[in-house]
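Participant: If you scroll down you'll find the structure; I have some questions about it.
Read the figures in this text as sums done on the coordinates, not as results from a lab. Keep in mind that this is a model prediction, so the values were computed, not measured. Here the Cβ positions follow ideal geometry from the backbone for every residue, glycine too, while neighbour counts run over all protein chains shown.
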Amino acid sequence: MFTGIVETTGLVADRVSEGTNITFHIESSLASELTIDQSVSHNGVCLTVTSVADGRYSVTAVDETLRKSNLGGLDVGNRVNLERCMPANGRFDGHIVQGHVDQTGICTSVQDLNGSWLYDFQYDPGVADNVTVEKGSICINGVSLTVFNSEADRFRVTIIPYTYEHTTFRDLKPGDVVNLEFDIMGKYIKKMLTGYRQPV
């Protein structure tokens, strides 16, 4: 489990295709503190550390993960948001984040408000039973944020200077694909209200 409070960013040092999987080699200040089998959130995607050496570590994304997230588009030199799993005695500063991306969305607008940044995102509401709740939480590329101007297929978030400087939000531009994990509480409530769809 994660909180959506990004610890640092990492740099994709190498990517290796292995069948339908991709193994990423990440340079990060966290590398020396990681162990094999540890879970780390990469742009909001929970991946397992498979090796650690010389300021780098490796993780592998399988086909299912690559199809549902933006990780397949990561290239050497790209930065990723990183968060280790929450310790049992830690503070819950963000919201409940599972590291299971629901779908991707598109950044449609970025506005510099001279002290904060306003981002607009659009997503396909037909992909899954997802919902954005006004003033509720959402995880975008691993960052816990508050939704406003929520509509059926779009929403807005505001980024403070600290988040802008310490995450990959400063790299985002209109047209970029982002990972979205919708608030688990909102998804559960929607399921209870609408019922579970029967397989066809």
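Participant: For each of Val131, Val45, count neighbouring Cβ atoms within 10 Å of the residue's Cβ, then give the residues from fewest to most.
Facilitator: Listing Val131, Val45 from fewest to most nearby Cβ atoms yields Val131, Val45.
Participant: Continuing with the same structure: I need to check one value: relative contact order of the range 8-84, counting alpha carbon pairs closer than 8 Å and at least 6 residues apart, in percent.
Facilitator: Computed value for the range 8-84: 39 percent relative contact order.
Participant: Report the net charge of residues surrounding Arg56, where surrounding means a beta-carbon distance below 9 angstrom and charges are Lys +1, Arg +1, Asp -1, Glu -1.
Facilitator: Result for the local shell: -3.
Participant: Averaging sequence separations of C-alpha pairs under 8 Å and six or more residues apart, then dividing by the length of the range 103-194, give the relative contact order as a whole percent.
Facilitator: 37 percent
Participant: With only Lys, Arg, Asp and Glu charged, each at its Cβ (+1 for the first two, -1 for the last two), find how big the charge dipole of the chain is about the Cα centre; round to the nearest 20 debye.
Facilitator: The dipole magnitude comes to about 440 debye.
Participant: Taking the Cβ of His95 as the center, what net charge do the other residues with Cβ under 11 Å away carry, scoring Lys and Arg +1 and Asp and Glu -1?
Facilitator: -3
Participant: Here is a further query. Give me Arg91, Arg154 sorted ascending by neighbouring Cβ count inside 10 Å, so fewest comes first.
Facilitator: Arg91, Arg154
Participant: Let me ask another. Binning at 10 angstrom from zero up to the longest distance, how are the C-alpha pair distances of the range 103-194 distributed in percent?
Facilitator: Here the calculated profile for the range 103-194 is 17, 54, 24, 6, 0.
Participant: Let me ask something else about it. Exposure proxy check: Leu113, Leu82 ranked by fewest other beta carbons within 10 Å?
Facilitator: Final ranking by Cβ density, sparse to dense: Leu113, Leu82.
Participant: Give, rounded to the nearest 20 debye, the magnitude of the charge dipole that the range 8-84 has about its Cα centre when Lys and Arg contribute +1 at Cβ and Asp and Glu contribute -1 at Cβ.
Facilitator: With only Lys, Arg, Asp and Glu charged at Cβ, the dipole is about 200 debye.
Participant: With a sphere of radius 10 Å drawn around the Cβ of Glu181, what net charge do the other residues whose Cβ falls strictly inside it have (Lys, Arg +1; Asp, Glu -1)?
Facilitator: Combined, the nearby Lys, Arg, Asp and Glu give -1.
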